[in-house]
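Trainee: Here you go, one structure.
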Amino acid sequence: MQMTDYRTFGRSGLIVSPLTLGTMTFGAGRWGSDMAAARAIFDAYVSAGGNVVDTADVYSGGESERMLGRILTDSGLRDRIVLSTKSGFARAQGHPLHGGNGAINIRLGIEGSLRRLGTDRIDLYWMHVWDRTTPPEEVLRTLSAAVARGEILYYGFSNTPAWYVAKVATLAAAQGLPGPIGLQNAWSLIDRGVELDLAPMAEHFGLGIMPWSPLAGGLLTGKYGRDMLAQADRAAAVPDRAMDAEAGRSDRLSGDNPYGGMLFTERNFAIVDALREVAAELEVPMAQAALAWVLSRGGATTLLMGASRAEQVTANIAALQVTLSGEQLARLNDASALPSLNPYFIFQLPRQVLFGGQSVTPHE
């Protein structure tokens, strides 16, 4: 696979490369990239043929969008790039109107993003997170109006349950309104929850999937060892403490990771062990093998990758050349298998059991 093996995103005319550049690292912060580093990251990505750049209104307090806007303007590549951004998390504290999925926040979010990005449209707009409050009818009405005004061209849902997205998609089809075209959810060897309901729902409605955190917060790069298990136990004993004073690390590295769940568990390190063996057999870095696994999953249209240095972009792109054998895939799948939850374990019954011992093949 090459970066120039473009594909449409979901059931739409939006054309995307197999890897998307995430810019959460653009701007100030612990993992931040200054303007020079951000330009180098962007240049490495587009030079390889990448054409989707993702940001959000809350990344670095809006600085990610501002930096990306300047980079796009200076590069002259705006109309060659699929520009993706989001709203949903609170942009301000002390009042409720600048967060969630309500009409006011979506409208303000779009207006603010357009201003910071210095553009007249957002190509792909995401509901960043489900607020568990706003009716789906209101979200559909607000996003459809934004499409009608030309402020956004397409939209999708991130971190939202399958039933809610399915309701929006169904209402849109019934009312002749533009519906969602994709999902953005965590998907990695560590976190395969998307495979339970979201991926089957996406296939049914023709939605593309842009997986995020394919390296599970860095755990699948192999840079963390089992010594982190003790640190995670200490953090769990004092859940209100934001910092592990002894290790000097933020709670992102204490096991309570918002991007990959509780990272530091014996189960997860067993997955890391299996990945390390496969990567050694392929003679590639663990990160490339982990990315290749996600890319091999049905439904993953364009994989969201982050980078804090241009070299990481080049290394991630090399994952497109990695091919896992059937036996290697089986090993990784077995190591990372989801638990048999209700009602999903019932679906594992042979179809013949349900049809009186007869073979029945569903229509594709």
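Trainee: Could you report the chain's accessible area per residue, 1.4 Å probe, as an integer in Å²? Walk me through the numbers before you get to the answer.
Mentor: On the way: 16640 Å² over 364 residues.
On a per-residue basis, 46 Å².
Trainee: About the Cα centre of the chain, how large is the charge dipole given +1 on each Lys and Arg Cβ and -1 on each Asp and Glu Cβ? Please answer in debye to the nearest 20. Before the final figure, lay out each step's value.
Mentor: Values: 31 positive and 36 negative charges, 137 e Å.
I would put it at about 660 debye.
Trainee: As a check on your grasp of the helix formula, calculate [θ] at 222 nm for the chain: sum -39500 (n - 2.57) over DSSP H runs of n ≥ 4, divide by the residue count, round to the nearest 500. Intermediate results must be reported in sequence, preceding the final value.
Mentor: Working: 12 runs with 138 residues, N = 364.
After summing the helix terms and dividing by residue count, I get -11500 deg cm²/dmol.
Trainee: So which trypsin sites (Lys or Arg not before Pro) in segment 292-341 end up in coil per DSSP with only 14 or fewer other C-beta atoms within 10 Å? Intermediate results must be reported in sequence, preceding the final value.
Mentor: Details: sites: Arg297, Arg309, Arg331; in loops: Arg297, Arg309.
Sites meeting the loop and neighbour criteria: Arg309.
Trainee: Looking only at the chain, where both bridge partners belong to it, what percent of the DSSP beta bridges are antiparallel (to the nearest 5)?
Mentor: Restricted to the chain, the bridges split so that about 20 percent are antiparallel.
Trainee: When only the heavy atoms of the protein chains count and the probe is 1.4 Å, how do Lys223, Lys167 rank by accessible area, highest first? Don't jump to the answer; show the numbers that get you there.
Mentor: Details: Lys223 130, Lys167 85 Å².
I get Lys223, Lys167, largest accessible area first.
Trainee: While we're here: Could you work out the local net charge near Leu14, counting Lys and Arg as +1, Asp and Glu as -1, over the other residues with Cβ closer than 15 Å to its Cβ? If you can, show how the numbers build up before the last one.
Mentor: Working: positive: Arg7, Arg11, Arg80, Arg121; negative: Asp54, Asp79, Asp123.
So the surrounding residues net to +1.
Trainee: All other residues with a Cβ under 13 Å from the Cβ of Pro211 taken together, and with Lys, Arg as +1 and Asp, Glu as -1, what is their net charge? All intermediate terms of the calculation are to be shown ahead of the outcome.
Mentor: Numbers: positive: Arg192, Arg297; negative: Asp54, Asp191, Glu195.
Residues close to Pro211 contribute a combined charge of -1.
Trainee: Within the accessible area of segment 264-318, what % is carbon and sulfur when the probe is 1.4 Å and the other protein chains stay in place?
Mentor: The nonpolar share, carbon plus sulfur, comes to 54 percent.
Trainee: Relative contact order for the chain: what is it in percent, counting Cα pairs under 8 Å that are at least 6 residues apart?
Mentor: Numbers: 630 pairs, mean separation 63.3, N = 364.
Once normalised by length, the contact order is 17 percent.
Trainee: Heavy atoms only, 1.4 Å probe, whole protein assembly: order Leu108, Leu207 by accessible area, highest first.
Mentor: Values: Leu108 70, Leu207 15 Å².
Descending accessible area places them as Leu108, Leu207.
Trainee: Give me the percent of accessible area attributable to carbon and sulfur for segment 13-99, probe 1.4 angstrom. Let's see the in-between values first.
Mentor: On the way: 1950 of 3470 Å².
Using a 1.4 Å probe with all protein chains present, segment 13-99 comes out at 56 percent carbon and sulfur.
Trainee: Accessible area, 1.4 Å probe, largest first: how do Tyr164, Tyr154 sort?
Mentor: Working: Tyr164 5, Tyr154 60 Å².
The ranking, largest first, comes out as Tyr154, Tyr164.
Trainee: How much solvent-accessible surface does Ser60 expose, in Å² to the nearest 10, with a 1.4 Å probe and all protein chains in place?
Mentor: The accessible area of Ser60 comes to roughly 40 Å².
Trainee: If I ignore ligands, DNA and RNA and count only protein heavy atoms, how much of Ser75 is accessible to a 1.4 Å probe, in Å² to the nearest 10?
Mentor: Accessible area, nearest 10 Å²: 50 Å².
Trainee: Could you check what % of the DSSP bridge pairs in segment 1-115 are antiparallel, to the nearest 5? Please list the in-between numbers first.
Mentor: On the way: 2 of 8 bridges.
The answer is about 25 percent antiparallel.
Trainee: For Ser325, what is the net charge nearby, where nearby means another residue's Cβ is under 10 Å from its Cβ and Lys, Arg count +1, Asp, Glu -1? Provide the component values of the computation, followed by the final result.
Mentor: On the way: positive: Arg331; negative: Glu281, Glu327.
Around Ser325, the surrounding residues sum to -1.
Trainee: Using the Cα gyration tensor of the chain, with a ≥ b ≥ c the square roots of its eigenvalues, what is the shape: rounded (a/c below 1.5), prolate (a/b larger than b/c) or oblate (neither)? Please report the intermediate quantities before stating the final value.
Mentor: Details: a/c = 1.35, a/b = 1.09, b/c = 1.24.
Since a/c stays below 1.5, the shape of the chain is classed as rounded.
Trainee: So which trypsin sites (Lys or Arg not before Pro) in segment 4-90 are both in a DSSP loop and have at most 10 other Cβ atoms within 10 Å of their Cβ? Mind dumping the intermediate values first?
Mentor: Numbers: sites: Arg7, Arg11, Arg30, Arg39, Arg66, Arg70, Arg78, Arg80, Lys86; in loops: Arg11, Arg30.
Of the trypsin sites (Lys or Arg not before Pro), the ones in loops of segment 4-90 whose Cβ has at most 10 other Cβ atoms within 10 Å are Arg30.
The values are calculated or read from the model by the stated rules, or taken from the named source; none is laboratory data. Just so it is clear, the model here is predicted, and its values are computed rather than measured. Here Cβ is always computed from backbone atoms with ideal geometry, including for glycine, and neighbour counts include all displayed protein chains. Each accessible area value is taken on the protein alone, full model and side chains, heavy atoms only, with ligands, DNA and RNA left out. Shrake-Rupley method; radii C 1.70, N 1.55, O 1.52, S 1.80 Å.
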